[in-house]
Structures are given as structure tokens and as C-alpha cells.
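What follows is a set of notes on a single structure, which appears directly below.
The values are calculated or read from the model by the stated rules, or taken from the named source; none is laboratory data. On a predicted model such as this, the values are computed, not experimentally measured, just so you know. Note: ideal-geometry Cβ built from the backbone for every residue, glycine included; neighbour counts use all protein chains shown. Please note that ligands, DNA and RNA were not included when accessible areas were found on the heavy atoms of the full protein model with its side chains. Shrake-Rupley method; radii C 1.70, N 1.55, O 1.52, S 1.80 Å.
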Amino acid sequence: MLRKINLTFVGKPFKSDPAQKHVAILGQVSNLKRAVWSDVRNHLEPKVSENIWKGAVASLNPAPTDTCALWMNGASVGAFSEKFSRHNMLSGAYHIPKLLRSCLVGKGDEVLVVVCKEAEIFPCACAIARSFSLFSMRTDSNSSVKSTRNITVEFVVVGESTCNMVDVAACLQDTANSIQMAARIVDAPCNIMNTTAFVKEAEDVALDLGIKPVVISGEELNEKGFGGIYGVGKAAEHPPALVVLSHCPPGATKTIAWCGKGIVYDTGGLSIKGKTTMPGMKRDCGGAAAILAGFRSAVKRGFKQNLHAVLCLAENAVGPIATRPDDIHILYSGRSVEINNTDAEGRLVLGDGVAYASKDLKADIILDMATLTGAQGVSTGKYHSAILTNKEIWESGAVEAGKASGDLAFPIVYCPELHFPEFNSAVADMKNSVADRSNAQCSCAGLFIGSHLQGAFNFPGTWIHVDMASPVHSGERATGYGVALLMVLFGQLSSDKLLQMLAPSAALFDETCDGVLGCEGNSVA
């Protein structure tokens, strides 16, 4: 069941009446003060005068947020803090969800006006999208409540503006729809969003984009050597699957693959989770949800290079044929893995995913995204994903893209020669869980995935691992994390001018340069 919320971004000024639709005007105080009366009067007159508006703005003292009513229950203004550290976003967009709970009535049609700089439009729009979750199974006995809410969003740009706002609105709409889609998939429980349903989601995206998907599922996975995905998902009622969506425009010279962990539910398998740690494991498909939704938006915004979405889908269930600790699986890379913890399953499915991306798709750049470890929250916290990559320049690029998109990110240590020995096995190429959980556990988990690339740690291309176990949700709701990060991180390959403006340097895609200031070797003996 979906909550009927229509979130619409408009590219041209329009008029509304606070007596008919509640209006909330948001921004940092300095931006609100720079806005001229003509920028906001369309939504306030005749109920609110210019003097009332200026007085309200002057009274705001956000710490970190503050609101002021402008006219009864029909209009309000809200401000959020301008304070930020060097590892945070300049836009302050992370305050918006909290501020909306204070400024909006929460029922009926409403108008939202955001006053900001041009570079802050995108993260603010993404923060708004995260605030309106679509999935709900709640019943409402009040039949007088309108079934569909319409939230109309207008941006007022202060300072220099270089982009056409109609085009900007189209980009925001595509991205917001995808963020809500990713969050909806993650919020849906496994009795609704099982692997079969997830495959249907991918097929619907493919149909919308005019793409024929590749779906390998069930016993076919085993026959074709996908021992990771098959081993994890074989005990579940709904079969595991590898789904590949491919966008191959004419003239493309680079191939990018985005691989997503799609564990629709994680019991832990025979290494079963406890009663307090298992609830919430419907979120373990957050990486695949973000990859699918991000792929949708990237293609719609005119991605200029080959782009593949590789979804590794399974339910880590308990049953008579479930993988046992001590079992050995052969992954698609050809490497053998001794299972010593069935609750370290995400790395197994993604090991197959990145092996397929490097062997079959011949990708130059491979990014995997996963709710991989609880250690991620310890390493980089609830707001920043953990970035592990074989190219230093991509560490800086991911941090920059995180600040610009609102999906914050921060690097973790990349040192395979010191950390990958944690997976040593006496009977196989590796175990699937570390010997010492205190030795850079978040990095180790990512390195397991990277070891299944062609060439392993001597993979000649670029590999980026994004562990977003904590940012995938806020409280009991999914955030749609990852969509915005992907859009901006790869914005240089988009035809969209806003994404190009926000994107990190085009040097990311210079095959001759591996480092930040110069070229650096990344091979591991």
C-alpha cells in the first residue's frame, strides 16, 4: 500500500493563497534576508504584508532550527543553521526534514518555498524527498481526510544563477521520485518486497527506460557459477536472482557498473541473529534499491556512457538446505570461500556481482553499494557512508559529491596487504568473516568484495565500495540514501547541467591519473 503523496517541483514562479493551501518558506537566515519581497509575495499576499514578512525573518534565531507563524495556520517561515564543519554539507539541508515537521500542517495540499543558493538546490530537494515516505500499511478511519496530498515545491535562488530553472525542476523531479522509490522498497517488509517482487521492480524500471533486463535466478545461478548469490538465497521460498539493466548509448567510450546488495531479509542464516538485532533487517536491500533507483534517474538525465545496474538479490533464510558454517562455495570469480559465518552474506552476493561486472561487462569503473556492516556506523557514523577505493582521487571525489548531494560520505583505510589476511583459510582461498573483528572490520568486509574483481587487488580499473548500513535509515524510516550520491558523483557523465555543475572534477575519469596531485600505483603484491 502506498501513501498518496504527489511531490511536485516547479521551475517557474506561481501564485497560491495561504487561505486555501498552507505555505511554508524555508532557508538559512542569511538567504531569507537576501530574498526580496517580490520573490515570496505570490504565496503570501494579501494575508501577509511585506512588513510582517521582514519582521518575522528578523526574529528568527535558529539553534539549529527556528520557525515563525506568518498568518494563522496558513503560512509560516522556517530557518535552519548556517553552522557546519569541514566534513558536513554547506547547504545545511540535513536540517530540512526536522524543520518540515514544524512548518507543515501535515494534511491536505501544501506549498513549500525554499530560498537558497543555486548550488544548494539539489541537496535541499533531496532532503525534501526524504521527508515524504510513500510506503504505509496504516489504516485511516477518518473518511473526511483527502486521500491524496499534493506538495508543490518552488525554489527561490539568491545570488548568481546559471541554470535554467525549468531544466533544474526536471532534474529534481527525477531524482526525488527515485529517492522515494528507493525508500519505498527498503521500507516494505519481506512478505511484500521479496526477491520476486524486487525483480518485478527492476523489470518495471527496465520497461520504463526501454531496456531488456537480464535475469538469472534460482538453479540457473548455480549452473552458471554464481555460488555466492545462490548459496545465500537457496533456502528461501523466493529464489535468489542476479538482475542486470544495461544502458549503452551510441558513442560511449567508458563502461561503468553499479552493483547493489539486495538482501531482502537477513535472518543471519544458521548463524542466526538475536531477537533485538533481527528486526529492521528488511533494510538489507538498501544498496540494491539505491542502485536501481539511481540507474533510473541517471538514464533519464541523459547518461552519456555505458552504465550497468547489477542487482544481487537474495533472502538469507533458515531452512533444511541453508548454507552451513564450514561449507565451501565457489564464487563467480572462481575463488573458493569457506563459510565461517552465514551472517556475513552481503559480501558473498556482491563478490559475484563485481566478478560479473569485471569479467562479463568489462567495466572500467565498478562501484558497489551495500548495507554491509554494523561496523560502518562505528567507523563513520549515522550520516556518512564509508568509502573504500583503490584510487585515492575517488576518495576525494566521493567526499566532495557527498557534500554537494546531501548523501554524506567519508573514506576508510584501504590497505589490503595488512587487512585481507584476516580472511586466511586452511582449506579454501579465503573465509568469509574476519579472524579479528577489531582490525578495521569495515575495511576488511569491503576488501572481501574487491578480492573477487578480475585481478583482485591488481584490478586495473577503478573500484569504489560504499558501505551505507547506517545512513540507509533514520529511525524507523528509510532515507533513500545513495541515489543523490550516485547522481552527483557521476555527474560529469550526465547531460544534465545541474549535475555537471555539482559533480567533482572530470579528472576522476582520466584513466592516466590515479592520485589526487599526481599518478600513484595501486598494485598489491
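Within segment 438-458, residues that are free of Cβ contacts under 8 Å to residues at least 40 places away in the same chain and in the same structural domain as Asn424 (by the TED database) reach partners that are in a loop (DSSP other than H, G, I, E, B) and open to solvent by 40 Å² or more (accessible area, probe 1.4 Å) with beta carbons closer than 7 Å, at six or more positions or on different chains, in the pairs Ala440/Val413. Restricting segment 69-116 to residues that are in a loop (DSSP other than H, G, I, E, B) and of a type in the set (Asp, Glu), the residue that is surrounded by the fewest Cβ atoms within 10 Å (Cβ to Cβ) is Glu82. Tell me which of these Glu203 doesn't satisfy, since it passes every other one: (1) farther than 28 Å from Leu502 by Cβ; (2) open to solvent by 10 Å² or more (accessible area, probe 1.4 Å); (3) in contact with a Lys or Arg (Cβ under 8 Å, 6 or more places away or on another chain). Unmet condition: (3). Are any of the residues in segment 424-431 touching a residue at least 60 places away in the same chain (Cβ under 8 Å) and touching a helix residue (DSSP H, G or I) at 6+ places or on another chain (Cβ under 7 Å)? Scanning segment 424-431, I find at least one residue that is touching a residue at least 60 places away in the same chain (Cβ under 8 Å) and touching a helix residue (DSSP H, G or I) at 6+ places or on another chain (Cβ under 7 Å), so the answer is yes. Taking the criterion of being more than 19 Å from Lys107 (Cβ to Cβ), of a type in the set (Gly, Ala, Ser) and open to solvent by 20 Å² or more (accessible area, probe 1.4 Å), the residues of segment 8-48 that qualify are Gly11, Ser30, Ser38. Screening the candidates Asn191, Asn222 for the property of being of a type outside the set (D, E, K, R), open to solvent by 70 Å² or more (accessible area, probe 1.4 Å) and in a helix (DSSP H, G or I) yields one hit, Asn222. Taken over segment 218-274, the criterion of being in contact with a strand residue (DSSP E or B) (Cβ under 7 Å, 6 or more places away or on another chain) and acidic (Asp, Glu) is satisfied by Asp266 alone.
May I ask you to verify whether Phe198 is modelled with pLDDT of 95 or more and assigned to a helix (DSSP H, G or I)? The answer is yes for Phe198. Among the residues of segment 225-235, just one is surrounded by fewer than 22 Cβ atoms within 10 Å (Cβ to Cβ) and among the hydrophobic types (A, V, I, L, M, F, W, C), namely Ala235. In segment 400-442, the qualifying residues are those that are within 27 Å of the chain's Cα centre (by Cα) and among the hydroxyl-bearing types (Ser, Thr, Tyr), and the one that is farthest from Ile121 (Cα to Cα) is Ser433. Here is the figure for segment 5-33: residues that are touching a strand residue (DSSP E or B) at 6+ places or on another chain (Cβ under 8 Å) and in a helix (DSSP H, G or I) total 3. With respect to the numbered conditions (1) within 17 Å of Ala290 (Cβ to Cβ); (2) in a loop (DSSP other than H, G, I, E, B), which one is the sole condition not fulfilled by Gln376? Status for Gln376: all satisfied but (2).
Kindly evaluate Gly450 against the criterion of being open to solvent by less than 10 Å² (accessible area, probe 1.4 Å), under 27 Å from Tyr356 (Cβ atoms) and touching a His at 6+ places or on another chain (Cβ under 8 Å). Judged against the criteria, Gly450 is a match. Is there a residue in segment 9-27 that is over 17 Å from Val153 (Cα atoms) and more than 35 Å from the chain's Cα centre (by Cα)? Yes, the conditions are met somewhere in segment 9-27.
Note on segment 304-319: residues that are closer than 21 Å to Lys362 by Cα, open to solvent by 10 Å² or more (accessible area, probe 1.4 Å) and of a type outside the set (S, T, N, Q) amount to 2.
Evaluate the following for Ala298: is it crowded, with 20+ Cβ neighbours inside 10 Å, hydrophobic (A, V, I, L, M, F, W, C) and either in a loop (DSSP other than H, G, I, E, B) or on the phi < 0 side of the Ramachandran plot (or both)? So Ala298 passes the test.
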